[in-house]
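Contents: one structure, followed by commentary.
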Amino acid sequence: MKTQKLLFLAASFLFLSACHSVKRSASFAPPKAETVAVKDTASSKPKMPEPVVYRASATRLNDLVHTKLDVRFDYEKAYMFGKAFITVHPHFYPQNTLILDARGMEIHEVALVEGNSRKKLEYNYEKDVLTIQLDKQYHKEQNYTVYIDYTTRPNEIKTGGSAAINSDKGLYFINPLGKDKNKPIQIWTQGETQSNSVWFPTIDRTNQRMTDEIFMTVPKKYVTLSNGDLISSTDNADGTRTDYWNMKLPHAPYLVMMAVGDFAVIKDKWREKEVNYYVEPEYAQYAKAIFGNTPEMIEFFSKKLGVDYVWPKYSQIVVRDYVSGAMENTSATLHGEFLQQTDREMLDRDNESVISHELFHQWFGDLVTCESWSNVPLNESFATYGEYLWEEYKRGRDAADFHGYESMLGYLRESRSGKDVNLIRFQYEDKEEMFDAHSYNKGGAVLHMLRKYVGDEAFFASLKNYLETNKFTAVEIHNLRLAFEQVTGEDLNWFFNQWFLNPGHPDLNIQYAYNSESKKETVTIAQTQDFTKSQLFRLPMLVDVYAGGKVMHQKITVTKASEDFMFDSDTRPDLVNVDAEKMLLCTKKDNHTPEEWAFMYSNAPLFLDRYEAVQALGKLITQPIARTTVEKALTDKFWKIRESAIRMLDGKLENNEADKQILTGIAAKDEKASVRAAALEILSKNFSKDQTLLPVYKSALKDRSYSVIGEGLNAIAKLNPAEGLEEAKAFRDETSPHLLQSVCSIYANYGSDQDLEFFRTSAPKFKSWEQIGFMLNLGNFLKNRCSDETVLKGLPIMESTLKSAGNKYVKYYGMNSMNELLNHYQDLQDKTQKKITEMKSANPQATGIKPLEDQLVSYKEVSKRINDSLASVKKSDDGE
């Protein structure tokens, strides 16, 4: 599942009103409520600590074999009526009961299927557990089938969720009565972690396997999707249609899915298997641009892993109000609506990393599944590394290393926030905690280190061994270790214990010294992490020594807290590049001289070599060699280096005409939209009063990239607010929320009462995560640019947007924006009341008192209306 995946996606769509360009972050979630420890004063005896719960894999009393479902829907009540035929056998020990997960259901009948007849069974249903008394004791491999007639009511159950998957009600009716004209009517499911038991009774555990078939009865106008093959579609006399989907290969219960709605289905194929893309009809023309690399991805992963894609088809569907980023349901991945973009929007941001992540899950997670959520890195770390592999293949090593570096930063941010846990961990309060930057980001980086340590041939041979040995089964971390040991012949406990079964990462301080008499270069590598919280790491790595026009490659292994390594060199090396492969998951202080950093930029081969050099020299920009190198990086072959070099010059241009011309050229001609946008941003910040740049900014308004247009608008408005507002008018009717967000920002900073109509007409064009930026911009517009009367007219826009939002983060930040507006008005009340009191004290008859009192009444009325809106939104949420 794409969750860090969800955490970075959230940030990708957040357009803050305080800044005009998209900023990425690795974490995006409402702050958790503080936990307050209360001292027990009622007893003199100290309380014993609660025992740490060990989260063992679920005990298998019975094994699922097959599930057959017949379902139909009541859109008005948001109910699903189901009939389930569940085939089971005891795992090993004889059983006379069957225990199933069944959340919030109404059970109508439970029976044993005997040929064409059914025999009623006694059952007990409480606390979301259905315990069925069988007619006799059954022995292992003795199959029996239980029939259950039930109704599920997902909107009436108590729900939970997490930062990763923000709801767990399993079955979702989206706009079921069609009241929201800006949102389609859809039904879809979300099974991970243990939510599919909301819509069908099952043993909702990762270490179960079953085949399944689903008969879905829906209105004829809708299409359906589920796992496996669509066997038949039968029209019914009542205006409905029954679609029959069959998955003949076994998979875990949480990977079963359904979706229903008005989708355009764009057909593609890989070899002889169907590859389909389900999108809203207006995006049908862009489906191939969004998903078109999927067949190539399937072929690449199949060959790279040596294990062909096994499932009967591969479909991808985009739905509204999804509760996470995406979900790797077997053969039928479900994506959030952020994936639907036009070709122009994809110039600024594509989502191929999400597509590759979910596809890689079809091997790691679906074909081979973690046996418990404690082992979820076996799903998510691999899917994260699948992103790297696709980038490496499709866009090259630089792009892959940048992607991997950004991912690693996400883990390091989480670590700095205080969370340092094992990758594989058996103690946690809630299984949802496992979906974090450790399981995703750190795990992907650890797999990369493992690949570099054993070498490519052994790495992919080991993965092939792992997949083939464990296909259609559940696994734990030791299955992966044993697969690698079988291929490499090496005991790898040290690596797996260090990286998977212990927390932390090394913090390195690297010092260099050359002795001209002994002609030796000494490299001192110190591990400086807190050893009371973290271990001492064993770190194999490659060191490159550049001297005399040659490069010498040396393998070393760091095993001590501080260790010296000596290398022969007839002359002082131009550079000693520690971790030359840039494989380590670590933080480091690399104590190079400016000359060595400059040499690294020009001579070391990898993206991270050049990137680290530019970052280091950017802090030394006043030194000639640093500035020369950073300016050289403006023409680097990889876009991120160019963008970084531009940002390193921020605040250091000092009206430098030459640099202004260079940035002007980049803004006009660089092939990467984000680089052009960065050049415009830095020009505007550093030459804020330079009217000669106005034609440059106006030219940007003709760019195809929305981010470039947005920067152009912002720059024009900074130079001349009236002209910026006039230029923004040309884009008021755009449909792209990416561009509309920039216009919102212009109005939030420079607009007036008359511009409220733009926010009103634009509100329906923002969806899901995009609504966060819209709400923040609207809140700032009302707070800073509008009269009280206009604020009252704007509140219904905020309220209706929040009530229709299906994303809890939109509601969180939207309500924060409304609260900020409320605080603003309460501050105005306080200041006005204070001034009235002071004036009355000085002169009760002062003529200025009455206008202030009238203003105070207005402020109080606005505050009351804001409070009413907040209460209405909260009531709406509680009603859900």
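Observations on the model:
- One residue alone among GLU76, GLU141, GLU156, GLU106 is out of contact with any Asp or Glu (no Cβ under 7 Å at 6 or more places or on another chain), surrounded by fewer than 18 Cβ atoms within 10 Å (Cβ to Cβ) and under 14 Å from PRO201 (Cβ atoms), and that residue is GLU106.
- Residues that are open to solvent by less than 40 Å² (accessible area, probe 1.4 Å), over 30 Å from MET210 (Cβ atoms), touching a residue at least 24 places away in the same chain (Cβ under 8 Å) and assigned to a loop (DSSP other than H, G, I, E, B) occur in segment 511-533; there is at least one.
- Residues in segment 575-595 that are of a type outside the set (Lys, Arg) and assigned to a loop (DSSP other than H, G, I, E, B): ASP579, ALA580, GLU581, MET583, LEU584, LEU585, CYS586, ASN591, HIS592, THR593.
- Residue in segment 172-181 that is touching a Lys or Arg at 6+ places or on another chain (Cβ under 6 Å), farther than 16 Å from VAL71 by Cα and of a type in the set (Val, Ile, Thr) present: yes
- Among the residues of segment 69-103, those that are part of a strand (DSSP E or B) and either at pLDDT below 95 or of a type in the set (A, V, I, L, M) (or both) comprise LEU69, VAL71, MET80, ALA84, ILE86, VAL88, LEU98, ILE99, LEU100.
- Residues in segment 632-677 that are in a helix (DSSP H, G or I) and among the acidic types (Asp, Glu) were compared, and the one that is modelled with the highest pLDDT is GLU643.
- Options GLU126, GLU122, GLU114: the member that is over 23 Å from TRP199 (Cβ atoms) and open to solvent by 90 Å² or more (accessible area, probe 1.4 Å): GLU122
- The listed residue being polar (S, T, N, Q) and within 33 Å of the chain's Cα centre (by Cα), out of SER688, SER674: SER674
- When residues of segment 613-622 are limited to those that are over 21 Å from VAL578 (Cα atoms) and aliphatic (A, V, I, L, M), the one modelled with the lowest pLDDT: ILE621
- Residue within segment 623-630 that is buried (at least 21 other Cβ atoms within 10 Å of the Cβ), at pLDDT 95 or above and within 30 Å of LEU739 (Cα to Cα) present: no
- Tally of residues being part of a loop (DSSP other than H, G, I, E, B) and either open to solvent by less than 10 Å² (accessible area, probe 1.4 Å) or touching a residue at least 24 places away in the same chain (Cβ under 8 Å) (or both) across segment 289-336: 18
- Residues satisfying the stated conditions in segment 209-229, i.e. surrounded by fewer than 24 Cβ atoms within 10 Å (Cβ to Cβ), of a type outside the set (Gly, Ala, Ser) and not in a strand (DSSP E or B): ARG209, LYS220, LYS221, TYR222
- Criterion violated by SER44 - all others in (1) of a type in the set (Ser, Thr, Tyr); (2) touching a Ser or Thr at 6+ places or on another chain (Cβ under 7 Å); (3) at pLDDT below 95 satisfied: (2)
- Filtered by the rule that a residue be of a type in the set (A, V, I, L, M, F, W, C) and open to solvent by 30 Å² or more (accessible area, probe 1.4 Å), segment 631-681 gives TRP639, MET648, ALA658, ILE662, ALA668.
- Considering segment 427-457, and only residues there that are aliphatic (A, V, I, L, M) and in contact (Cβ under 8 Å) with a residue 60 or more places away in the chain, the residue that is most open to solvent (accessible area, probe 1.4 Å) turns out to be ALA445.
The values are calculated or read from the model by the stated rules, or taken from the named source; none is laboratory data. Source: prediction; values computed, not measured. Every residue, glycine as well, gets a Cβ built from its backbone with ideal geometry; the counts of neighbours run over all protein chains shown. Surface accessibility is based on the protein's heavy atoms, side chains included, excluding ligands, DNA and RNA. Shrake-Rupley method; radii C 1.70, N 1.55, O 1.52, S 1.80 Å.
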